1. I need to check one value: relative contact order of the chain, counting alpha carbon pairs closer than 8 Å and at least 6 residues apart, in percent.
2. Rounded to the nearest 0.05, what FRET efficiency do residue 313 and residue 30 give with R0 = 35 Å and r taken as the Cβ-Cβ distance? Could you check?
3. For the range 203-313, just the Cα atoms, rotate onto the principal axes and tell me the three extents in Å, largest first.
4. Rounded if a/c is under 1.5, else prolate if a/b is larger than b/c, else oblate: which is the range 239-388, with a ≥ b ≥ c the root eigenvalues of its Cα gyration tensor?
5. Take every Cα-Cα distance within the range 139-192, group them into 10 Å bins from 0 onward, and report for each bin the whole-number percent of pairs it holds.
6. Going by a ≥ b ≥ c, the root eigenvalues of the Cα gyration tensor, does the range 320-463 fall in the rounded group (a/c under 1.5), the prolate group (a/b larger than b/c) or the oblate group?
7. I'd like to compare 140-147, 414-421: which one has the highest average count of other Cβ atoms within 10 Å, and what's the full order after that?
8. Add -39500 (n - 2.57) for each DSSP H run of 4 or more in the chain, then divide by its residues: what number comes out at 222 nm, to the nearest 500 deg cm²/dmol?
Ligand code: HEM
């Protein structure tokens, strides 16, 4: 017995005193002067396709210099979880691109998605949670449902004014219904579709959403800035106009009717009340937070457009959605709503399959301290790209990944199933706060459109791989009213 205890002691002493493996540097291509390895991204439709190709050479984690910025790319689910979950606190920063500052009044820390992690960010996320991540059984969820239904009349009226049977721009109407769903839900205000200022602001939000989904050489090569002066001015202008609209058309009215002794009427009230209670929040924080969340409507409008592109290419998908919506609404006796979702799994699965195939990038993270990934040393300031394109499209993760098959998200009994590696909204402490609103509003808009119209395209539809955005002036669609 004594010998056994002695042996255990020796083993324990050896285990704790053994020389520790020192972290190795991350393998990767040798950078060129000035441009680093940016030339290796050329020739691909999205940088993430290049990352997948490079991972075949250097492994599932590799380093790459973009300009002079040191970056690391993680390409498999295990490593992605290490970055986003296990070591989320080490990777809470965001890249310091000039464009990001221009969009948020000169300081990207004004933005919820582009700021570095901080206690302010924690507070901002927690104020938003009740409104932007409503639980299924909550009063807020009922409100999302009511707002969704209320906005459909003016949406359908707008669609009825489009020239039926001919190619036309459907995107503006889709964006406007999403914008009004957001302003009504978050600010108890909506706007007539022919309001010129509203139209302009919806367009600017969409321009910004497209902009933010693009990568520019200047992000990594700041010495190119003089070439981009006009572009930077343009994006600052869009953002300033949006801010002024929110102030004059939404916040001013709200402030004049706010009752601090009552429950907040909506997200805007909750923000204004928080301003009074929390000395760490200032006026600027409130405006930017509201602007950030209102801007979420563009993401949903674009997702609906990308889903329509898929539906046009796969008419059998449209038919199945129409069958579901006709069944739950008793052949069009009413509009579809959120409580129909459970009975319309194919419609939900179509949106999930669109998110998979569109494969919107996860905003890059930045190491906020010296740390490690998989035993490799990663220095503070390193930009970390999460290759969720590989998670969404890789043969190791999906059967026939190139095919558009909503069925892959359905169980044999017709329920929804999502594999753990499917993380279109990311995971961990910086996960998307708007994902429930995405699932709610995109469902209602898509189901209502297909309830009322057959949709096709005369001139083809172009979507962009690795991107849930389509350009502000995108493909046209032909709407034919259903009998
Ligand atoms: C197609 C729709 C959308 C997709 C695919 C999407 C996806 C994402 C992803 C991948 C992130 C990055 C998470 C990370 O860095 O780990 C993110 C962040 C974020 N999203 Fe979304 N999102 C969508 C719509 C929305 C909407 C509608 C809102 C607001 C209502 C929203 C609010 C945010 C915010 C505030 C963040 C930043 C969170 C943080 O950095 O702490 N998103 N989203």
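Only the coordinates and a few stated rules stand behind these numbers; no lab work does. Remember, it's a predicted structure, so these values are computed and weren't measured experimentally. Here Cβ is always computed from backbone atoms with ideal geometry, including for glycine, and neighbour counts include all displayed protein chains.
1. Dividing the mean separation by the residue count of the chain yields 24 percent.
2. Using R0 = 35 Å, I get an efficiency of 0.25.
3. Largest first, the range 203-313 extends 50, 43, 22 Å along its Cα principal axes.
4. Values: a/c = 2.47, a/b = 1.17, b/c = 2.11.
Verdict is oblate for the range 239-388.
5. 24, 48, 21, 6, 0
6. Details: a/c = 2.35, a/b = 2.19, b/c = 1.07.
It comes out prolate by the Cα gyration axes.
7. Details: 140-147: 17.5, 414-421: 12.5.
So the peptides 140-147, 414-421, ranked by packing, come out 140-147, 414-421.
8. Details: 19 runs with 228 residues, N = 483.
Taken over the chain, the calculation gives -14500 deg cm²/dmol.
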